[in-house]
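The values are calculated or read from the model by the stated rules, or taken from the named source; none is laboratory data. Model, not experiment: these values are computed from the prediction. A quick note on method: Cβ atoms are made from the backbone with ideal geometry, for glycine too, and the neighbour counts reach across all protein chains shown. Surface areas here come from the heavy atoms of the whole protein model, side chains and all, with no ligands, DNA or RNA. Shrake-Rupley method; radii C 1.70, N 1.55, O 1.52, S 1.80 Å.
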Amino acid sequence: PCPVLAHARQAGRASSQSALRLGRARMSSVVAGGGIGREPPKPLPKYTTEAVGTNIPKADSARVSWPDLRPTQFRHPIDTQSTKALQQFFPLEFLIRQGSSGVVEQFMFLDNMSSGVRVGPNQLPKIYALLQEAKQVLGLNIPVDLYVKQNPSPNAYTMAMQGKKPFIVVHSSLIELMTPDELQAVIAHELGHLKCEHGVWITAANIITSVAAQIPFTGRFVAQGMQVALMRWVQSAELSCDRASLLVVQDPRVVVSVIMKLTGGAASFADEMNPDAFLRQAREFEEESSNSWIGRQLRQTNAQTLTHPLPVVRVRELDTWSRSDEYRQLISKGRPVSAPPPSR
């Protein structure tokens, strides 16, 4: 018999028996309490569905690091091509770095210091340890400040530039939503932006696009084409940083869970969310949208307007990379993670 169908029948029988037991328990509660009562929901049992990726380290295996990791070793191909093209405009890179290291960086530093809580050895030390380990794994040997800000919208961000005061900001609602491993994956995503210095190159691309728009007659059309290419690059930069998350936590299901929770999660039911089911949803979307004109138009429109790829696209891309020889070779070349180095 088909193992999938057999699994489905087994799950169906287990579900029926569970529903029967639940009904009896509720009836007992009504009788005993003299009214309709409801116990708080219990966490679902740990799911054992298909694994995301094959032959890769589990969450409980020895983690590895890469002291000399280069951004090119984990960048998405579109990110790599676009960055190489812009690196030829080195005078523009110099101007951007000089401009950002002055007024902009000072403003961001003072804003974070005045309206956030800076994480350190004596302030939220567990989160600080997650940051230090993530930096060690990615071979990012620069001081990075991490701030927590009160905000109901789960989010994290960075200026994505290795200037004098690089930083990451994490919203308090995101910390409440994530497990420690998932929070470290979020931190690693932002460190990936810093490692690749996406802020420098995307700023350069925006400047070039603005200049192109000033060309008489054809400038507007040239700029439109460049803007489409820029949005593809911005989205591919996010895919690069999802890979950085995977390199740090080394468990694809953790990164998938982060994307899933940011898509439709809440602290009240986070324990009931299943990354494997979300991956299957992503695969189903890939199949349906590829075979549908409407699906292709939807993906094209989103690619031209959104700064982040669709969540299901991010999950599918991550799943593909976690199964790749490129990822396996990186894992095989890593060194065991030692105690985090002292803060700088």
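Tabulated results
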{"quantity": "Residue in the stretch 175-182 that is closer than 23 Å to residue 250 by Cα, part of a helix (DSSP H, G or I), modelled with pLDDT of 80 or more and open to solvent by less than 20 Å² (accessible area, probe 1.4 Å) present", "calculated": "yes"}
{"quantity": "In the stretch 243-270, the residues that are part of a loop (DSSP other than H, G, I, E, B) and hydroxyl-bearing (Ser, Thr, Tyr)", "calculated": "268"}
{"quantity": "Any hit, the stretch 116-129, residues being crowded, with 19+ Cβ neighbours inside 10 Å, more than 16 Å from residue 190 (Cα to Cα) and modelled with pLDDT of 85 or more", "calculated": "yes"}
{"quantity": "Candidates 332, 289, 257 - the one that is at pLDDT 95 or above and among the hydroxyl-bearing types (Ser, Thr, Tyr)", "calculated": "257"}
{"quantity": "Complete set of residues in the stretch 258-268 that are in contact (Cβ under 8 Å) with a residue 12 or more places away in the chain, open to solvent by 40 Å² or more (accessible area, probe 1.4 Å) and not β-branched (Val, Ile, Thr)", "calculated": "262, 267"}
{"quantity": "Of all residues in the stretch 53-73 being of a type outside the set (Gly, Ala, Ser) and within 24 Å of residue 276 (Cβ to Cβ), the one that is modelled with the lowest pLDDT", "calculated": "56"}
{"quantity": "Total residues in the stretch 149-170, condition open to solvent by 20 Å² or more (accessible area, probe 1.4 Å) and of a type outside the set (S, T, N, Q)", "calculated": "8"}
{"quantity": "Number of the exception - residue 281 against (1) in contact with a helix residue (DSSP H, G or I) (Cβ under 9 Å, 6 or more places away or on another chain); (2) open to solvent by 70 Å² or more (accessible area, probe 1.4 Å); (3) at pLDDT 90 or above; (4) outside any helix (DSSP H, G or I)", "calculated": "(4)"}
